[in-house]
Amino acid sequence: MAQTLRASTLAVSIACPPQRVYEFIANPENLPRWAPAFCRSIRRAGEDWLVDSPIGTVKFRFVAANDLGVLDHIVTVANEAILNPMRVLANGSGSELLFTLFQRPGMTDAQFAEDITLVERDLNTLKALMEAVL
């Protein structure tokens, strides 16, 4: 039987066209602006990016650019690659942003709840930034 991990999908509605939201998020240089709980600073390292995060330097990479709104990204911490599924969808003339977190093996319920809180805060920061440029 297949094993599944506990998951939480967070959603935020953004009054901004999906293409604009996608383009802003897809540029890793914008990460410190909208995800300060995760990214204090970022710099290119070949095809990857190195993020100065609260847990130290981690490797970061988005999936290839696409027309489907897929912004999945892989964060590598201590040789563990963690997939973070993320999508921007059309919601009327605005956008719906979805971000799924998984409770990794060894992660306590309290740690998972803290991750959820931090990502919610970052998504709300993103919403405010995107809606301020209209």
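Flag not set for Arg104, criterion: in contact with a helix residue (DSSP H, G or I) (Cβ under 7 Å, 6 or more places away or on another chain) and either more than 23 Å from Ala7 (Cα to Cα) or at pLDDT below 95 (or both).
Taking the range 62-92 as the range and being over 21 Å from Ala11 (Cβ atoms) and among the hydrophobic types (A, V, I, L, M, F, W, C) as the test, the residues that pass are Ala64, Ala65, Ile74, Val77, Ala78, Ala81. Only a single item in (1) without any contact (Cβ under 8 Å) to a residue 60 or more places away in the chain; (2) buried (at least 16 other Cβ atoms within 10 Å of the Cβ); (3) part of a helix (DSSP H, G or I) is not met by Glu114, and it is number (2).
All told, Glu131 falls short of being of a type in the set (Asp, Glu), assigned to a strand (DSSP E or B), under 21 Å from Arg20 (Cβ atoms) and at pLDDT 95 or above. Restricting attention to the range 55-68, the residues being farther than 14 Å from Ile25 by Cα and in contact with a Leu (Cβ under 9 Å, 6 or more places away or on another chain) number 3.
A search for C-beta distances below 6 Å between a residue of the range 94-111 that is in a loop (DSSP other than H, G, I, E, B) and any residue that is of a type outside the set (Gly, Ala, Ser), counting only pairs 6+ apart in sequence or on different chains, returns Gln103/Leu5; Gln103/Arg6; Gln103/Phe112.
Quick one: is Val63 over 16 Å from Val119 (Cα atoms) and either under 14 Å from the mean Cα position of the chain (by Cα) or β-branched (Val, Ile, Thr) (or both)?
yes
Do we have Glu96 as acidic (Asp, Glu) and more than 16 Å from Thr125 (Cα to Cα) here? No, not satisfied. Of all residues in the range 1-11, those satisfying the criterion of being over 12 Å from the mean Cα position of the chain (by Cα) and surrounded by 11 or more Cβ atoms within 10 Å (Cβ to Cβ) are Leu5, Arg6, Ala7, Ser8. Selection of the range 1-26 for residues being touching a residue at least 60 places away in the same chain (Cβ under 8 Å) and among the small types (Gly, Ala, Ser) yields Ala7, Ser8, Ala11, Ser13, Ala15.
The values are calculated or read from the model by the stated rules, or taken from the named source; none is laboratory data. This is a predicted model, so every value here is computed, not measured. Here the Cβ is made from the backbone with ideal geometry for all residues, glycine too, and neighbour counts use every protein chain on show.
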